[in-house]
Amino acid sequence: MPIPMDHPHRYRTDHSHPTTTAMPQKYDSLSNAGKKLARIPRFGRLLGQMTTRQLERINTRAATYFELFSYVGPTNDKDKTGLIDSGLNTKGAELLGWTGKDTDDPGPNNPKPNRNNHTTRVWQSQLAMRILGAVAFEMYCHNQKLGRPPTQPIDQDLVTFKQYVCQRCADSGAYVDQLRRPINAVNLFENDLPRVEQMNSHGLEYAVLSSTGEETRHVMGDARRPLLFFADVSTQAFFAAYWALNWSNGTTDVQSVSHWIPDPISQENNAYLEFWEMLLEMPEASGVGLQSLQNLCSVLYDRSKQPDPTRPIRSTELIYRTWGLMQGTAAMAVYRSEFAQMLAAGNPVALGLLSDKSGKSSFIQLADRRDPRDAWDTGEFMMGDETSGKLRPQTVEPFRLHRYCVRNSEYELFDPRHQDHRAFADQPDILEHPVVNVSWYDSWCFARWIGGFELKFGNKTRKYTVTLPSETQWEYGCRCGETTPFTWWDRQHGDQIRSRDCNFDGNYPWPRPEDAESRTGGLYLGRTIRVDGGDKKLQLKPNPWGLSQMHGNVFEWCASWYTEGLTRVLRGGSWFYPGGDCRSGYRGGDQPANRSRDFGFRLAAVLVSRDE
């Protein structure tokens, strides 16, 4: 199937003026994130001055921003130091952190910051970074409380807003002098915020903090409501994440972040997506603390921390990206216990996912050489595109494959919000239809949410872990030992597909028939049918190994890569596609975040332990 080319472009900084001539040899060694920012003149010039070791640390967008803003060069040359340090050379900004007012005369006990001293420049840059972080994070919190986008300029109750920012800076220990002695935060912050804004006039225009109107720029709470804003949303996201990881105040900030979880289906809270991306990409050099990161990410796993625990937002790509990070946390334990609690409570849908009414497992054992299903179930088969003549021998280890694709009713135990995004919702038996409009990340996270199960064999117990099938496992279950393009319940006419065989676009059978007797009649339902094959217009039987609808109905996500690092495998064809795309050897792929009305999945399980 075609791979969409319109991948979402999430980098919103202006790239319209490529300037890489300052670093022609270093440019090729940058990561993709570094190359994007190197095309911006002010960033490109600085990257051209950096050492090879510095450039090696630029492997994410957040890491690039951190180096560009925080770097303090050996000299006070505006073109050979970081953007913050360079901006602090501006008149007014160079006084950042000074306890006096701009109009005061320095004294022997209160000298002005020495911009020729490297230690002073580092101290000032760190203070500016902290103030900008506090402003950016509080701006997110402030706008969220008002029900506004996080990047909305602060134009209401500016006095209170600045008080909150000041308190954040004070609580974080920002206001100590160069000798680490406490300083009156309120007085100093009132002076420092305008000084930070002054950096814009020295190479940082439209990149850091700004306000409108010269006559109101430095007026605290002016009645004319001056605007305070980050003109570049990516910079704001970076500084908000930088603050959150280093100085967030625990429960209160975690509660705020719980309102910022992006919903991948409805696009709700997508304005916060860049914050999360920066959060997860922040380099260790920024001082990121593991505990802080785990606390912030706990809202993705523990539904009780979300605003509506009965309808949690399952931001599955973020869950996938933080899975290793969250191992051993209380939030992970909550996530993994949800399905087990449903089983213990006797939830009929949860119980039905694992076994039928007779208690027989819904996961069919395959490739067990000690107990094969039939003569074909040996664990060895011919895999590949049968139309090209390039079938190759392949071997699989014993595994279990679910007899059905995951139903709407089952998936919505995990994500109740999916009810609002069902396809073909007018069908009376829609709960028994395969769940669609799910991404690979959704499928992967659902499998991890299920976790595993145990099966009793006499007085022995076997424990299984639930996962997505690999592409090899999926094709093994689909072929049932055959080498023909299709495997039907009776192992007959496997060289062709007809409307009575599965749910596909019957207007395009395979191979295209030449005689009227072989024609399918063009049956095209234009929708999914029940996972068990039952429908008023079709009555489909499972394949010889008991697996239902391995051909047609919905494409099924597999664990394997289609294009390494870019797209994941989809197999089986669908109701929307022609017969040729339903062949056992047909391979499709799509980006793991993409969804479609004909993308679904089924579960697999692998043995992890047994009682001998």
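The values are calculated or read from the model by the stated rules, or taken from the named source; none is laboratory data. What you see is a predicted model, and the numbers here were worked out from it, not measured in a lab. Because the Cβ atoms are built from the backbone with ideal geometry, glycine has one as well, and the counts that use them run over all protein chains shown. Protein only, heavy atoms only, side chains kept; ligands, DNA and RNA dropped before computing areas. Shrake-Rupley method; radii C 1.70, N 1.55, O 1.52, S 1.80 Å.
Please find, within the range 266-284, the residue that is farthest from residue 164 (Cα to Cα) out of those that are open to solvent by 40 Å² or more (accessible area, probe 1.4 Å) and among the hydrophobic types (A, V, I, L, M, F, W, C).
The selected residue is 280.
Kindly indicate whether residue 366 is in contact with an Asp or Glu (Cβ under 9 Å, 6 or more places away or on another chain), open to solvent by less than 40 Å² (accessible area, probe 1.4 Å) and touching a residue at least 60 places away in the same chain (Cβ under 8 Å).
The answer is yes for residue 366.
Output the residue which, of all residues in the range 555-568 that are touching an Asp or Glu at 6+ places or on another chain (Cβ under 7 Å) and surrounded by fewer than 24 Cβ atoms within 10 Å (Cβ to Cβ), is nearest to residue 485 (Cα to Cα).
The extreme case among them is 560.
Kindly establish whether residue 583 is within 26 Å of the chain's Cα centre (by Cα), open to solvent by 10 Å² or more (accessible area, probe 1.4 Å), charged (D, E, K, R) and at pLDDT 95 or above.
Answer is no for this residue.
If I go through the range 237-261 residue by residue, how many of them are farther than 12 Å from residue 141 by Cα, in contact with an Asp or Glu (Cβ under 7 Å, 6 or more places away or on another chain) and surrounded by 18 or more Cβ atoms within 10 Å (Cβ to Cβ)?
Number satisfying all stated conditions: 1.
Spot the failing condition for residue 574; the list is (1) at pLDDT below 95; (2) under 28 Å from the mean Cα position of the chain (by Cα); (3) of a type in the set (Ser, Thr, Tyr), and only one is missed.
Only one criterion is unmet by residue 574, namely (1).
Restricting the search to the range 139-160, which residues are open to solvent by less than 10 Å² (accessible area, probe 1.4 Å), farther than 25 Å from residue 86 by Cβ and at pLDDT 90 or above?
The answer is 140, 141, 143, 150.
Counting only residues that are of a type outside the set (Lys, Arg) and in a helix (DSSP H, G or I), how many does the range 122-159 have?
Of the residues in the range 122-159, 24 are of a type outside the set (Lys, Arg) and in a helix (DSSP H, G or I).
Taking residue 382 and the conditions (1) in a helix (DSSP H, G or I); (2) closer than 19 Å to residue 571 by Cβ; (3) open to solvent by 50 Å² or more (accessible area, probe 1.4 Å); (4) among the hydrophobic types (A, V, I, L, M, F, W, C), which numbered condition does it fall short on, given that it satisfies the others?
Result: residue 382 passes all but (1).
For residue 16, all conditions in the list (1) within 29 Å of the chain's Cα centre (by Cα); (2) of a type outside the set (Lys, Arg); (3) at pLDDT 70 or above hold save one; what is the number of the exception?
(3)
Strands (runs of 3 or more DSSP E) wholly in the range 386-470 with at least 3 residues that are surrounded by 16 or more Cβ atoms within 10 Å (Cβ to Cβ) - which ones?
In the range 386-470, 399-402, 452-457, 460-467 are the strands (runs of 3 or more DSSP E) which contain 3 or more residues that are surrounded by 16 or more Cβ atoms within 10 Å (Cβ to Cβ).
Looking at the range 486-522, which of its residues are assigned to a loop (DSSP other than H, G, I, E, B), modelled with pLDDT under 90 and farther than 22 Å from residue 587 by Cα?
Listed by number, the residues that qualify are 500, 513, 514, 515, 519, 520, 521, 522.
Quickly run through the range 48-76 and pick out the residues that are assigned to a helix (DSSP H, G or I) and within 21 Å of the chain's Cα centre (by Cα).
61, 62, 63, 64, 65
Search the range 297-317 for residues that are charged (D, E, K, R) and pair each with any residue that is outside any loop (DSSP other than H, G, I, E, B) and at pLDDT 95 or above when their beta-carbon atoms are under 6 Å apart and the residues are at least 6 apart or on different chains.
Final answer for the pair search is 302/331; 302/334; 305/258; 305/299; 311/416; 311/417; 317/441.
Could you list, in sequence order, all residues of the range 171-208 that are modelled with pLDDT under 70, outside any helix (DSSP H, G or I) and open to solvent by less than 20 Å² (accessible area, probe 1.4 Å)?
204, 207, 208
Search the range 161-175 for residues that are under 9 Å from residue 131 (Cβ atoms) and pair each with any residue that is surrounded by 19 or more Cβ atoms within 10 Å (Cβ to Cβ) and of a type in the set (Asp, Glu) when their beta-carbon atoms are under 6 Å apart and the residues are at least 6 apart or on different chains.
That search, which allows pairs on different chains as well, returns 165/138.
As an exercise: evaluate residue 476 against (1) in contact with a helix residue (DSSP H, G or I) (Cβ under 6 Å, 6 or more places away or on another chain); (2) farther than 12 Å from residue 557 by Cα; (3) modelled with pLDDT of 95 or more; (4) not charged (D, E, K, R) and give the number of the one condition it does not meet.
Tallying (1) in contact with a helix residue (DSSP H, G or I) (Cβ under 6 Å, 6 or more places away or on another chain); (2) farther than 12 Å from residue 557 by Cα; (3) modelled with pLDDT of 95 or more; (4) not charged (D, E, K, R), residue 476 fails exactly one: (1).
I need a count of the residues in the range 290-323 that are open to solvent by 20 Å² or more (accessible area, probe 1.4 Å), under 14 Å from residue 244 (Cα atoms) and among the hydrophobic types (A, V, I, L, M, F, W, C).
Residues flagged as open to solvent by 20 Å² or more (accessible area, probe 1.4 Å), under 14 Å from residue 244 (Cα atoms) and among the hydrophobic types (A, V, I, L, M, F, W, C) within the range 290-323 amount to 2.
For residues that are of a type in the set (Asp, Glu) and modelled with pLDDT of 95 or more, scanning just the range 586-612, find the one that is nearest to the chain's Cα centre (by Cα).
590
Return the residue satisfying two criteria in turn: it lies in the range 383-438 and is of a type in the set (S, T, N, Q) and modelled with pLDDT of 95 or more, and of such residues it is nearest to the chain's Cα centre (by Cα).
Applying the filter and picking the extreme gives 437.
Could you count how many residues in the range 596-612 are crowded, with 18+ Cβ neighbours inside 10 Å and part of a loop (DSSP other than H, G, I, E, B)?
5
Taking into account only those residues within the range 324-349 that are in contact with a Ser or Thr (Cβ under 8 Å, 6 or more places away or on another chain) and closer than 15 Å to residue 450 by Cα, which is surrounded by the most Cβ atoms within 10 Å (Cβ to Cβ)?
334
Every residue in the range 78-96 that is open to solvent by 50 Å² or more (accessible area, probe 1.4 Å) and closer than 16 Å to residue 54 by Cβ, please.
79, 80
Only one of (1) surrounded by fewer than 20 Cβ atoms within 10 Å (Cβ to Cβ); (2) more than 21 Å from residue 165 (Cα to Cα) fails for residue 287. Which number is that?
Result: residue 287 fails condition (2) only.
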